[in-house]
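Shown next, in structure tokens, is the structure this report addresses.
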2 protein chains.
Amino acid sequence: MLIYSYMAKDLCEIKSIHQTTVRKTIARIQKIDGLDRTAEIFKLMGDMTKLKITCALSLEEMCVCDISHVLNISQSATSHQLRILRGAKLVKYRKEGRIAYYSLSDSHVKNLLSSTIKHAQHRKE
Amino acid sequence: MLIYSYMAKDLCEIKSIHQTTVRKTIARIQKIDGLDRTAEIFKLMGDMTKLKITCALSLEEMCVCDISHVLNISQSATSHQLRILRGAKLVKYRKEGRIAYYSLSDSHVKNLLSSTIKHAQHRKE
DNA sequence: TGAATATATGAGCATATATGCATATATAAA
DNA sequence: TTTATATATGCATATATGCTCATATATTCA
């Protein structure tokens, strides 16, 4: 990075323009707790299928079959996505006979969802 | 979906268990404004590199070179990611000579970031 | 017990994405 | 004008992800 052919004599010399800012920022980012989890949540919700599932479940609990109809995707695809959301503990489910009712695992997900939608709507232009 | 070999006679018969819930939920999701943009924002922030860039920029504006040092990735990778963030209007930049100073395009991104980090920290267990 | 049904899951494929490499562009300095 | 430097970007590739297909599992009912 930032190493050109004509710099080859001095590979150790890696420059940053504002060293104080860089050091300060590195320290601050390292101090942020739960950044990995934040990225995980963002990544999961960044998929339209999972986002819609989450939206649907923020209204009320639903079974796999109904979710697949709401999103107009196959039962298999729905189940795969729910499995991932389950793994990330964003949703939970209860079984009633052979029917699995999924719901959001806690209110934080719902709040995050509504606040982000608001942010998205406040988009400029 | 939900079609088994022994159902082949009646392919049009696709069942949903709770039809009222399904219809209601479809209508509600369609009514949500800015869902695509929400997914876009989530997806971008769901990548550790972009998330860290956003975190860094939420503190103060920074040049490409410094960002690459903060994240410990190449200048090229940094520039590629910034390009994507620019395209999604999450960051903007100003040029000062040959240096490009990037910053968050508005405070909504910063607010979204801090609120999501809080949500992530409130994680159960 | 056997058929129907609701869900789960492994394998494979198609697509998307992040990054490295090489190079282009733009500006500053000599 | 030539060299140095800060950033941008096209291309290639490795990896990740979502979906389909086939099938497994679990539960209900006849």
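Side notes on the structure shown:
- Near-label residues of the stretch A:17-44 by backbone N, under 20 Å of a point 7 Å along Cα→Cβ of B:Arg94: A:17-19, A:21-22
- Modelled spin labels at A:Lys31 and B:Lys31, positioned 7 Å past Cα toward Cβ, are 4.4 nm from each other.
- Averaged over the residues of peptide B:56-68, the number of Cβ atoms from other protein chains lying within 10 Å of each residue's Cβ is 4.
- The mean number of Cβ atoms from other chains found within 10 Å of a Cβ in peptide A:103-110 is 2, as a whole number.
- Protection proxy ranking, highest mean first, for peptides A:32-41, B:74-83: A:32-41, B:74-83, where packing is the per-residue count of other beta-carbon atoms within 10 Å, averaged.
- Pairwise centroid distance, computed over Cα atoms, of the stretch A:22-37 with the stretch B:70-103, Å: 19 Å
- Between the beta carbons of A:Glu60 and B:Ser114, assuming R0 = 22 Å, the FRET efficiency works out to 0.15 to the nearest 0.05.
- Label 7 Å beyond Cα on the Cβ vector: B:Ser79 copy-to-copy distances, nm: 4.8
- Relative contact order of the stretch B:37-121, taken over Cα pairs closer than 8 Å and 6 or more residues apart, is 29 percent.
- Each of A:Gln19 and B:Ser103 was given a label point 7 Å from its Cα along the Cα-to-Cβ line. The distance between the two points is 2.6 nm.
- Counted by Cβ distance under 15 Å from B:Lys24, the other residues give a net charge of +1, where Lys and Arg count +1 and Asp and Glu count -1.
- Between B:Arg86 and A:Gln75, the FRET efficiency estimated from the beta carbon spacing at R0 = 51 angstrom works out to 0.80.
Read-outs: derived from the displayed coordinates by stated rules, not from any lab. Nothing here was measured: the structure is a model prediction, and the numbers come from that model. Every residue, glycine as well, gets a Cβ built from its backbone with ideal geometry; the counts of neighbours run over all protein chains shown.
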